[in-house]
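A.B. asks: Sharing a structure below in structure tokens format, with a few things to ask.
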Amino acid sequence: MSGAVALRVDGLHKSFGGVEVLRGVDLEVDDHEVVCMIGASGSGKSTLLRCLNLLEPIDAGRIVIDGDDITSAGTDQNAVRRKIGIVFQSFNLFPHKTVLRNITLAPTKVLRLSRADADERAHGLLARFDLDDKADDYPDRLSGGQQQRVAIVRALAMQPDILLLDEITSALDPVLVAEVLDAIRELAEQGMTMLIATHEMGFARDVASRVAFLHGGTIVEEGEPNRMFSDPAEPETRRFLDRIIAAGRM
Amino acid sequence: MSAPREISFPKRTPGLDPPAQGNRGSRILAPLRAEGARGVAIAIVSTVVVFAVVTIAVVSSSGWPLIRQSFFDGAVFAEAFPKIVDKFWRNVFIFTVAEVLVLIVALLIAVIRSLPGPVFFPLRLLAAAYTDLFRAVPTILVIALLGFGAPALAIRGVPSSDVFWAIVALTFVYSAYVAEVYRAGIASIHPSQVASARALGLSRQQGLRSVVLPQAIRRVIPPLLNDFIGLQKDSALVVFLGYQEALRTAQIIQSENFDFTPYVALALVYVVITIPQARFVDWLIARDQRKRQAEATL
């Protein structure tokens, strides 16, 4: 492990109704680290990410970002969200705005950038992700892969300290998955701090500094990707990976 | 990074795009297109026959001359029509001002009703009470209460004009209906849109203004225009206050001539302004459906 701690989660608990989805999650992500969370659907990956972004209130525990406890009373939620970007499985672009205006909305409204500065930032990012010719299109004109890359650019335009990715390829046709994963790979190479929930085991093995296996609302095991995938210590991890291999996903 | 694979993607499903001409979104004519030329020929012949039979039956009936004299008198029509149209501009003024006010007041009420949190409970309660009350009370009663009642109070600074109170009454009543239309539109926007806006750091109000409302309003334009057609017709209720608008004018000419043709003339004016709006609403709905089908096939 290197560098300062970007994100620390201590004993996070979260219930919906009577169902406890997260039962004490402990996790650390260092600056420039890419942590991939794997686990079955319903294991709590998405809930954890939504809690980190304060989209869901937590029941117990602490979330510390850059040394600030964001779960303490009186935290400016909007200020926290400026530092943590999130990209969703279903893209959630704004259908009534062009690609460019999707990206510049938050920088102009939240960061109070001028229209010209926001446009410049957006065009720069679009060019990096091979989307510069799509700036004036509406989202419904784009393929799923393009939409998801726009969603990534939209999150990056806020220049977050850490990016959360919630199964961002699960809603895509298999042929479109690669272009999105390539974009994430490039971000990882450039040192973006990321916490990624994914079902793409090959991708996790490639890109992750660490892999965490979430099961039954806690992190059962975490470690360096090659060891996690080839020699998992916990029986639950082994069982999960066996099922993934049997399903032909790895 | 390897260059992202270029995936070709259909811009639009061609079959779902409207043809350049001929399709104006008419529901009545749509089945005919499927039938082809023979179907169209049959439709024309049967239409002509049916209308001819009905016309002959009506015109040759023993009561027809009397009906024609009382409702379709050419001379009375020629006298009444320009006068009625002239006064109809007063109705146009009333409903146009009311429509603009309704758009604003109703949006305010809808936004108040969708405010979250216990702090806003009293405001939500008030907004709900407002929509319940003004949808419950007949429009003509509201016009009577405000049109006769408010000026009777003779409060200084409050206008006593018929037109003013007619506009206020119509605004009150129709804001209640349109607020519900807006509210349905706001509720129809998927929560993921709000989550997405909040996740980018936008405040609740910023998300509402930039993300939710623009989409919601676009979605409710057809039902909203429907309510406006109702409002335009209800501008005739102002006659109850004795205000000299189109219906009052028709009444006067009717009583002078003992002839109902002026009413028919006014009915014609309403038909002429309403039908284009109704077709426009149909067209909007049809366009919306095409768009959704196109999205579904993507």
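A.B. asks: Would you mind giving the mean number of other chain beta-carbons within 10 Å of the Cβ of each residue in A:103-110, as a whole number? All intermediate terms of the calculation are to be shown ahead of the outcome.
C.D. replies: On the way: counts 1, 0, 7, 8, 2, 1, 9, 5.
Across A:103-110, the average partner-chain Cβ count within 10 Å equals 4.
A.B. asks: Sequence gap at least 6, Cα distance under 8 Å: using those rules, report the relative contact order of chain A to the nearest whole percent.
C.D. replies: Values: 444 pairs, mean separation 66.2, N = 250.
The normalised contact order for chain A reaches 26 percent.
A.B. asks: Calculate how large, on average over all directions, the projected area of the Cα convex hull of chain A is; give the answer in nm² to one decimal.
C.D. replies: Values: hull surface 55.0 nm².
With every direction weighted equally, the projected area is 13.8 nm².
A.B. asks: Which of these, B:A176, B:A187, B:A106, has the largest mean-square fluctuation under a Gaussian network model of chain B (Cα springs below 10 Å)?
C.D. replies: B:A187
A.B. asks: Please give me, ordered by residue number, the trypsin sites (Lys or Arg not before Pro) of region A:81-187 that lie in loop per DSSP and have at most 13 other Cβ atoms within 10 Å.
C.D. replies: Numbers: sites: A:R81, A:R82, A:K83, A:K97, A:R101, A:K109, A:R112, A:R115, A:R121, A:R128, A:K134, A:R141, A:R149, A:R154, A:R185; in loops: A:K97, A:R112.
Answer by residue number: A:R112.
A.B. asks: Quickly rank B:74-80, B:273-279, B:47-53 as a protection proxy: mean count of other C-beta atoms within 10 Å, highest first. Kindly include the intermediate steps, with their values, before the conclusion.
C.D. replies: On the way: B:74-80: 16.1, B:273-279: 12.7, B:47-53: 10.0.
The most tightly packed comes first, giving B:74-80, B:273-279, B:47-53.
A.B. asks: Moving on to the next point. Please identify every one of the trypsin sites (Lys or Arg not before Pro) in region B:134-222 that sits in a loop by DSSP and has no more than 14 other beta carbons within 10 Å of its own beta carbon. Mind dumping the intermediate values first?
C.D. replies: Working: sites: B:R135, B:R156, B:R183, B:R198, B:R204, B:R209, B:R218, B:R219; in loops: B:R156.
Listed in order of number, the matching sites are B:R156.
A.B. asks: Hey, another quick one. Run down the aspartates and glutamates and flag those whose C-alpha is under 14 Å from the C-alpha of B:K87, throwing out any fewer than 8 positions away in its chain.
C.D. replies: Excluding near neighbours in sequence, the set is B:E79, B:E245.
A.B. asks: Taking H placed 1.01 Å from N in the peptide plane, check which residues at least 5 places from A:T193 or on another chain put their amide H under 5 Å from its amide H.
C.D. replies: Result for A:T193 returns A:H32, A:L163.
A.B. asks: Here's another thing I want to ask about it. Hey, can you grab everything whose amide H is under 5 Å from the amide H of A:D137? Only 5+ residues off in sequence or another chain; H modelled, so Pro and N-termini drop out.
C.D. replies: A:V99, A:L100
A.B. asks: Report for the protein assembly as shown the percent antiparallel among DSSP-assigned beta bridges with both residues inside it, nearest 5. Don't jump to the answer; show the numbers that get you there.
C.D. replies: Numbers: 21 of 37 bridges.
In the protein assembly as shown, approximately 55 percent of DSSP beta bridges are antiparallel ones.
A.B. asks: What share of the DSSP beta bridges in region A:5-246 is antiparallel, in percent to the nearest 5?
C.D. replies: Details: 21 of 37 bridges.
Given both bridge residues lie in region A:5-246, the antiparallel proportion sits at roughly 55 percent.
A.B. asks: At q = 0.21, 0.22 Å⁻¹, what log₁₀ I(q)/I(0) does a Debye calculation on the Cα points of region A:1-142 give, no solvent, two decimals?
C.D. replies: Debye output, listed in q order: -1.26, -1.30.
A.B. asks: Counting only residues 5 or more places away or on other chains, whose amide H sits under 5 Å from the amide H of A:H215 once H atoms are built in the peptide plane?
C.D. replies: A:V220
A.B. asks: Check the straight Cα-Cα distances from A:K14 and name the aspartates and glutamates below 12 Å, setting aside those fewer than 8 residues away within the same chain.
C.D. replies: Partners found: A:E56, A:D59.
A.B. asks: Check every DSSP H run in chain B and write down those whose alpha carbon atoms cover 27 angstrom or more along the long axis and whose mean Kyte-Doolittle hydropathy is -1.0 or greater. Intermediate values should be presented prior to the final figure.
C.D. replies: On the way: long enough: B:30-59 (35 Å, 1.78); B:74-113 (54 Å, 1.54); B:162-188 (39 Å, 1.16); B:213-234 (29 Å, 0.09); B:261-297 (53 Å, 0.21).
Passing helices, by number: B:30-59, B:74-113, B:162-188, B:213-234, B:261-297.
A.B. asks: Still on this model: Within 10 Å of each Cβ of A:184-190, how many other protein chain Cβ atoms are there on average?
C.D. replies: On the way: counts 1, 2, 2, 1, 0, 1, 1.
So the per-residue partner count for this stretch is 1.
A.B. asks: Enter the angle in degrees (range 0 to 90, nearest 10) between the Cα long axis of helix A:174-189 and the first principal axis of the Cα atoms of chain A, meaning the one along which they spread out most.
C.D. replies: 90 degrees
A.B. asks: Do the alpha carbons of any pairs in A:K45/A:K109; A:K45/B:K291; B:K83/B:K233; A:K45/A:K83 sit beyond 28 Å of each other, and which pairs?
C.D. replies: Cα-Cα > 28 Å for A:K45/A:K109; A:K45/B:K291; rest within.
A.B. asks: To continue, here is another question. In peptide B:208-216, what is the residue-averaged number of other protein chain Cβ atoms found within 10 Å of each Cβ?
C.D. replies: Neighbouring Cβ atoms belonging to other protein chains average 3 per residue here.
Since every read-out is calculated from the coordinates, none of them should be taken as a lab result. In this text, all values refer to a predicted model and were calculated from it rather than measured experimentally. All Cβ positions, even for glycine, are placed from backbone atoms using ideal geometry, and neighbour counts span all protein chains on display.
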